[in-house]
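Participant: Below are the structure tokens for one structure; questions will follow.
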Amino acid sequence: MDYITLNNGIKMPMIGLGTYLLSPDDAENAVTYALKNGYELIDTANAYVNEKAVGRGMKKSGLSRDKIFLETKLWPSFYEDEDAIEETLKRLDTEYIDLMILHQPSANYLAGYRQLEKAYTEGKLKAIGISNFNIQEIQEILDNCSVVPALIQVEAHPYYPQTELKKLLSKNNIVMQAWYPLGGRDNKSILKERVIEELADKYKKSPAQIVLKWHTQMNVIVIPGSKSQPHIKENIDIFDFTLTKEDMMKIASIDKNQPFYGRNEEALKQRGAPMSKVKNKIILNWIY
């Protein structure tokens, strides 16, 4: 496993298991299997409705808590709920969370970030961050925070490597983490790019492994999601080879500066509604 050091000195694994869209049973089984097969980082969220299952999977893995890097996200409905972080700890059945991030730039996200800062100073959170914020929103956090975000989770892949965002992150020592690092569920277009297939043949790896390696060599953390044991095992098998500078330039040539998932401002405004009033489709597909 390779690691990156966050701006507060915490070491974080470069690859983890994402649990987005996994049912509780699938999440529990996938987490257990992943942690027994080399994974150390697990990503979940309030909105995924599988935090309890993730906690059970962690326990079933047999790993001690200090060997697991647990990441979750605070949903906008809870940004001003003083009990939200404590309730999250209870659902995950853990005394602390390694990294907690604001899920979206919705509702009163400055209040939400202050909640994260408070829990961070209390030791309940080892690191804090944000997700899906644009450059202007990140700057607003930076202008008002006492604890600089350690990480931002965004869409990033060879078609959309977030070149402009990386400049701001580098300036402020904020790590990038890619959700859908391969382009998204059932989206095979990146994996079928000729350059990716050629490199897969060169290194005797799968196209997915080539793309994941491309991310980590640029210090971007990846959290590919899967309930398939073969895929989970394959995704982490990327630390026995290194892409050359020429290889990296070839992959850079397919940059379209175009995300797959657009931002719907009207839908985003609804994120502050109570969870009981937010339909599941809106929770899981906020970007459409």
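Participant: S170 passes all but one of (1) small (G, A, S); (2) open to solvent by 10 Å² or more (accessible area, probe 1.4 Å); (3) within 30 Å of E28 (Cα to Cα); which number fails?
Facilitator: Every listed condition holds for S170 apart from (3).
Participant: Of a type in the set (G, A, S), at pLDDT 95 or above and closer than 17 Å to K233 by Cβ: is that true of G38 in this structure?
Facilitator: The answer is yes for G38.
Matching residues to (1) in contact (Cβ under 8 Å) with a residue 12 or more places away in the chain; (2) touching a Ser or Thr at 6+ places or on another chain (Cβ under 8 Å):
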| site | (1), (2) |
| --- | --- |
| K205 | yes, no |
| Q209 | yes, no |
| W214 | yes, no |
| Q217 | yes, yes |
| S226 | yes, no |
| Q229 | yes, no |
| I236 | yes, no |
| E246 | no, no |
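Participant: Would you call T94 under 15 Å from Y120 (Cβ atoms) and either in a helix (DSSP H, G or I) or open to solvent by 10 Å² or more (accessible area, probe 1.4 Å) (or both)?
Facilitator: No: the conditions fail for T94.
Participant: How many of the residues in segment 36-58 are over 18 Å from S131 (Cα atoms) and open to solvent by 10 Å² or more (accessible area, probe 1.4 Å)?
Facilitator: Total satisfying the criteria: 7.
Participant: If we keep just the residues of segment 1-27 that are among the hydroxyl-bearing types (S, T, Y) and either at pLDDT below 95 or farther than 18 Å from K60 by Cα (or both), which is least open to solvent (accessible area, probe 1.4 Å)?
Facilitator: Across segment 1-27, the extreme among qualifying residues is Y20.
Participant: If you don't mind, there's one more thing I want to ask. Could you please give the count of residues in segment 173-196 that are at pLDDT below 95 and open to solvent by less than 30 Å² (accessible area, probe 1.4 Å)?
Facilitator: Total meeting the criteria: 2.
Participant: Being in a helix (DSSP H, G or I) and open to solvent by 40 Å² or more (accessible area, probe 1.4 Å) is the filter; apply it to segment 208-234 and report the residue that is nearest to Y3 (Cα to Cα). Please lay out each step first, then the result.
Facilitator: In the first step, residues of segment 208-234 are kept if they are in a helix (DSSP H, G or I); the result is 208-217, 229-234.
Pick out the ones that are also open to solvent by 40 Å² or more (accessible area, probe 1.4 Å) and you get 217, 229-231, 233-234.
Numbers: Q217: 11, Q229: 23, P230: 23, H231: 21, K233: 18, E234: 18 Å.
Per the stated criteria, the residue is Q217.
Participant: Determine if segment 64-72 includes at least one residue that is in contact with a Ser or Thr (Cβ under 6 Å, 6 or more places away or on another chain) and open to solvent by less than 70 Å² (accessible area, probe 1.4 Å).
Facilitator: yes
Participant: Let me ask something else about it. Of all residues in segment 165-196, which are acidic (D, E) and within 12 Å of I251 (Cβ to Cβ)?
Facilitator: Within segment 165-196, the first condition is being acidic (D, E), and the residues that meet it are 186, 193.
Listed by number, the list holds a single entry, E193.
Participant: Test L199 against the criterion of being touching an Asp or Glu at 6+ places or on another chain (Cβ under 8 Å), of a type outside the set (K, R), more than 30 Å from N29 (Cα to Cα) and modelled with pLDDT of 95 or more, and give yes or no.
Facilitator: yes
Participant: What number of residues within segment 97-119 are closer than 20 Å to M176 by Cβ, assigned to a helix (DSSP H, G or I) and open to solvent by less than 10 Å² (accessible area, probe 1.4 Å)?
Facilitator: 2
Participant: Give me the residue from segment 120-173 that is part of a helix (DSSP H, G or I) and among the acidic types (D, E) and, out of that set, farthest from V195 (Cα to Cα).
Facilitator: Only one residue tops the list, namely D143.
Participant: Also, quick follow-up: List pairs: first in segment 154-183 and under 17 Å from G129 (Cα atoms), second in a strand (DSSP E or B) and among the charged types (D, E, K, R), Cβ under 7 Å, 6+ apart or cross-chain?
Facilitator: W179/E155
Participant: Looking only at strands (runs of 3 or more DSSP E) that lie completely in segment 1-75, which have at least 2 residues being without any contact (Cβ under 8 Å) to a residue 12 or more places away in the chain?
Facilitator: 3-5
The values are calculated or read from the model by the stated rules, or taken from the named source; none is laboratory data. These numbers come from a predicted model, not from an experiment. Because the Cβ atoms are built from the backbone with ideal geometry, glycine has one as well, and the counts that use them run over all protein chains shown. SASA here: full protein model, heavy atoms, side chains in, ligands and nucleic acids out. Shrake-Rupley method; radii C 1.70, N 1.55, O 1.52, S 1.80 Å.
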